[in-house]
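Heads up, the thing below is written out as structure tokens.
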Amino acid sequence: MTRVLVLNSGSSSVKYRLFDGSATLAKGLVEKIGEPGGDTADHREALQKIMSATDLAGLAAVGHRVVHGGSDFTEPTVVDDDVVARIESLIPLAPLHNPAAVTGLEVARHLLPDVPQVAVFDTAFHATIPPEGVTWAIDAELAAKWQIRRYGFHGTSHAYVARRTAEILGKPVEDTNVITLHLGNGASATAVQGGRSVATSMGLSPLDGLVMGTRSGSIDPTVIFHLHRVAGMPLDEIEDSLTRHGGVLGLCGDNDMRAVEERRAAGDQAATLAFAVYLRRLRETVGAYLAVLGRVDAITFTAGVGEHSPEVRAESLAGLEPLGIAVDPARNEAGATIISPDGSRTAVCVVSTEEELEIADQARAALGLA
Ligand code: ADP
């Protein structure tokens with residue numbers, strides 16, 4: 001019995017995927033939960049739909065994606081009342097993400113009381129980053145009191161992709177240093193040294209770091225003071241602006257990278273600038289992680305943009321040949337797994353991320369079923 005149901009509960013949607021081993025038996029998405037135009041009242045009804053659409057006979061576990069695990073949860077964790085309460089207590093750190101996970105956990109425990117539930121955290125993989133990589137130079141007492149530090153996200157993706165990269169290179173993961181670039185709607189970069197995260201670009205929340213589809217990425221915090229004090233914007237409005245109206249969307253009105261690239265190719269100025277700003281932050285981050293790691297065996301692109309945009313891959317690494325980094329144009333256009341020329345000091349790879357499979361594997365491992 002190795003069937004695992006993976007649930008990714010958002011505020012108005014639940015994504016699910018049912019695995020038998022690594023094979024997908026069913027997958028889908030229930031959307032517009034509790035929204036006008038949707039036909040699902042709440043998360044309980046969503047899960048009931050999923051349960052009636054899939055054959056859950058012999059289900060060994062439910063794996064839940066939980067965005068924020070704070071400092072407490074550094075591993076996949078078998079869920080009990082206490083674990084739910086602790087995830088709930090992290091809501092102030094992740095008000096946009098954790099409430100839905102708590103609802104998903106509660107509903108699944110109620111509807112599937114005999115199936116063990118495992119919480120798998122986006123933050124957990126980054127627990128190995130040394131203190132100097134997660135500490136900001138602010139008043140230490142304030143930071144400690146309010147749990148302010150870098151946590152990092154997309155951990156299941158970075159972990160999976162770094163391991164896959166070592167397999168592709170035919171090296172033990174313990175000996176492989178990789179810069180993983182997860183470029184989807186949300187985007188983050190991680191420096192992985194011997195299979196362990198040592199630096200990552202997202203921070204207290206997923207708003208930090210790279211320029212994203214609708215999120216600003218890192219900005220001078222003074223921008224927030226200025227918008228509040230001088231422009232008179234309330235804090236919630238500023239957060240909403242930076243989270244949902246920033247990134248390439250804020251710069252050019254499109255958040256889909258395909259649209260940005262098409263407009264750029266047609267000479268559109270705003271799209272050209274948006275693409276250039278996106279690329280510049282990505283290059284700066286790659287440069288920083290080259291310095292963190294020293295020896296880099298591979299740079300690996302993943303997620304929607306990383307897997308599908310030859311332009312982003314080629315242009316973000318252009319001109320780095322003196323550092324042993326190059327992209328072969330034909331391999332890049334063809335979307336090959338290794339897109340660097342043979343014999344490059346640093347391989348450049350493209351890997352399809354498998355976050356749900358990683359969650360299923362981690363859930364099984366946490367229960368000793370692997
Ligand atoms: P999420 O972060 O929501 O899981 P994905 O990883 O699927 O999303 O990434 C979605 C992004 O991938 C979209 O912004 C889309 O523009 C981008 N994308 C998908 N295909 C292409 C492509 N062929 N070229 C450029 N960008 C692409």
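The values are calculated or read from the model by the stated rules, or taken from the named source; none is laboratory data. Keep in mind the model is a prediction, meaning the values are calculated, not measured. Positions of Cβ are backbone-derived with ideal geometry, glycine not excepted, and every protein chain shown enters the neighbour counts. Heavy atoms of the whole protein, side chains included, go into the accessibility calculation; ligands, DNA and RNA do not. Shrake-Rupley method; radii C 1.70, N 1.55, O 1.52, S 1.80 Å.
Could you provide, to the nearest whole Å², the per residue accessible area of the chain with probe 1.4 Å?
On the way: 16890 Å² over 370 residues.
Ligands and nucleic acids excluded, the result is 46 Å² per residue.
Computed about its Cα centre, the charge dipole of the range 180-282 is approximately 340 debye, with only Lys, Arg, Asp and Glu carrying charge at their Cβ.
For residue 185 and residue 12, what does the FRET efficiency come to when R0 = 22 Å and r is the distance between their Cβ atoms, rounded to the nearest 0.05?
On the way: r = 15 Å, r/R0 = 0.70.
Step by step, r from the Cβ atoms, then E = 0.90.
Highest first, please rank the peptides 84-97, 234-247, 31-44 by the mean number of other Cβ atoms sitting within 10 Å of their residues.
Values: 84-97: 17.2, 234-247: 15.6, 31-44: 14.1.
Peptide ranking by packing, descending: 84-97, 234-247, 31-44.
Which whole-number percent is the relative contact order of the range 229-370 (Cα, under 8 Å, 6+ apart)? Don't skip to the end; give the middle numbers.
On the way: 138 pairs, mean separation 22.7, N = 142.
Over the range 229-370, the number comes to 16 percent.
Please give the calculated 222 nm ellipticity per residue for the chain, where each DSSP H segment of at least 4 residues contributes -39500 (n - 2.57) and the sum is spread over every residue; nearest 500 deg cm²/dmol?
On the way: 15 runs with 149 residues, N = 370.
The helix-only estimate for the chain comes to -12000 deg cm²/dmol at 222 nm.
Taking only the Cα atoms of the range 109-247, the radius of gyration and Dmax are 17.9, 56 Å.
Note on the range 13-108: along the principal axes its Cα atoms extend 37, 36, 20 Å, ordered by decreasing extent.
The Cα center of the range 6-63 and the Cα center of the range 277-340 differ in position by 35 Å. Excluding same-chain neighbours fewer than eight residues apart, the lysines reachable from residue 32 by a Cα-Cα span under 23 Å are 15, 49. Distance from the C-alpha centroid of the range 222-258 to that of the range 78-141: 27 Å, rounded to the whole angstrom. A P(r) calculated from all alpha carbon pairs of the range 291-336, with 5 Å bins opening at zero, reads 5, 19, 31, 24, 14, 7, 0 percent.
Diagonalising the gyration tensor over the Cα atoms of the range 40-156 and scaling each eigenvalue by 5 before taking the square root yields semi-axes of 31, 14, 11 Å, largest first. The share of accessible area on the chain that comes from carbon and sulfur is 52 percent, using a 1.4 angstrom probe.
The value for the range 190-240 of Rg(Cα) / (2.2 N^0.38 Å) is 1.47. Give me the Debye-computed log₁₀ of I(q)/I(0) at q = 0.08, 0.09 Å⁻¹ for the chain, equal point scatterers on Cα only, no solvent, two decimals. Log10 I(q)/I(0), no solvent term: -0.42, -0.53.
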